[in-house]
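Note sheet for the following structure.
The values are calculated or read from the model by the stated rules, or taken from the named source; none is laboratory data. Predicted model, so just to flag it, every value in this text is computed and none were measured. All Cβ positions, even for glycine, are placed from backbone atoms using ideal geometry, and neighbour counts span all protein chains on display.
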DNA sequence: CTACGATCTAGAGCGAGGTCTAGATCAAGT
DNA sequence: ACTTGATCTAGACCTCGCTCTAGATCGTAG
């Protein structure tokens, strides 16, 4: 139990692609863009060898990207981590700001969801009753602007 | 109270931009792309006049876009509505499919959120204790791959 | 040795979703 | 009439985030 340093065995780019869900192209792209923390090791022949720590970081990247963090922020974060000790406060700020954005996003999505659900309900009801007129009619009389002959308040 | 047909007074594009949050450019773009249900009325001079129903539809569009519906789907939906009665089942399907995507998205975001929250917690703790080493250290010894001398399991 | 598949680099290309420009026209205030 | 600001059209342009060549090289199985 002396040193747990060795990250199992290093992985080739294809294997990393499989376990992160990124394409090999994206992996190389991320690297070029400086989104990775450390330089990726290479074999004598020049092939990339990813350690499990590299993969861990990539998995975080995937999560952050999924939740809408722009590559620029991801890059900034990677830079902070790469630079090492002393900037943890900034890392914290970055992550926390992102978390707030995620919260806002969840809120917004939930609102959308309820709007949609309500609308689905409206359609379902009309379908069930076999009558589906008066729902967002295609403005049959452009000149008078009279819409579908119904109250125009709740049709969207 | 005979007919509530008249949608108050028609709005100019700038006013619609204000109340939908879209730019005037985007509004014209949406129109060109066929994302609107009816043709927008024009003044004698050729300026667009939006009815409140147009604005309602645009607000729905905004919600659907916010929740990630691609323009292509929005267009399809607009086409269905424009075409009128008889395709309500398809509209329902479209909306419902989208709602499912939104649900999945919320799920994913919540997962991301918890990952981030946990990570924020880790940083906060380290900051509080004034010691911030061993967190995603910048792989100081590329040759041995020894990382920061800590257990490599929970540092991301 | 020979194949064959996985990787390599540099750089071009792409789709989505707008955004902006140019130059003209409209409408309202003074 | 003149000025000012909002709108008009057509079309070029932009950012983001990959994705895909092309042509060479590596490495392993037969």
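A few notes on this one:
- Test: residue in the range A:82-95 that is touching a residue at least 24 places away in the same chain (Cβ under 8 Å) and within 27 Å of residue A:11 (Cα to Cα): yes
- Qualifying helices (runs of 4 or more DSSP H) (wholly inside the range A:6-99; at least 3 residues being surrounded by fewer than 16 Cβ atoms within 10 Å (Cβ to Cβ) and within 16 Å of DNA strand C (Cβ to nearest atom)): A:13-20, A:24-32
- Any hit, the range B:81-90, residues being at pLDDT below 85, within 7 Å of chain A (Cβ to nearest Cβ) and touching a helix residue (DSSP H, G or I) at 6+ places or on another chain (Cβ under 6 Å): no
- Single unsatisfied condition, residue B:112 versus (1) within 21 Å of the chain's Cα centre (by Cα); (2) within 27 Å of residue B:26 (Cβ to Cβ); (3) without any contact (Cβ under 8 Å) to a residue 12 or more places away in the chain: (2)
- The condition (being out of contact with any helix residue (DSSP H, G or I) (no Cβ under 8 Å at 6 or more places or on another chain) and at pLDDT 90 or above) is satisfied by just one residue among A:153, A:148, A:114: A:114.
- Flag not set for residue A:104, criterion: surrounded by fewer than 16 Cβ atoms within 10 Å (Cβ to Cβ), within 12 Å of DNA strand D (Cβ to nearest atom) and part of a helix (DSSP H, G or I).
- Qualifying residue in the range B:51-70 (condition: over 30 Å from residue B:108 (Cβ atoms) and in contact with a helix residue (DSSP H, G or I) (Cβ under 8 Å, 6 or more places away or on another chain)): yes
- Just one of (1) at the interface with another protein chain (Cβ under 7 Å from one of its Cβ atoms); (2) modelled with pLDDT of 50 or more; (3) more than 20 Å from residue A:64 (Cα to Cα) fails for residue B:119. It is (3).
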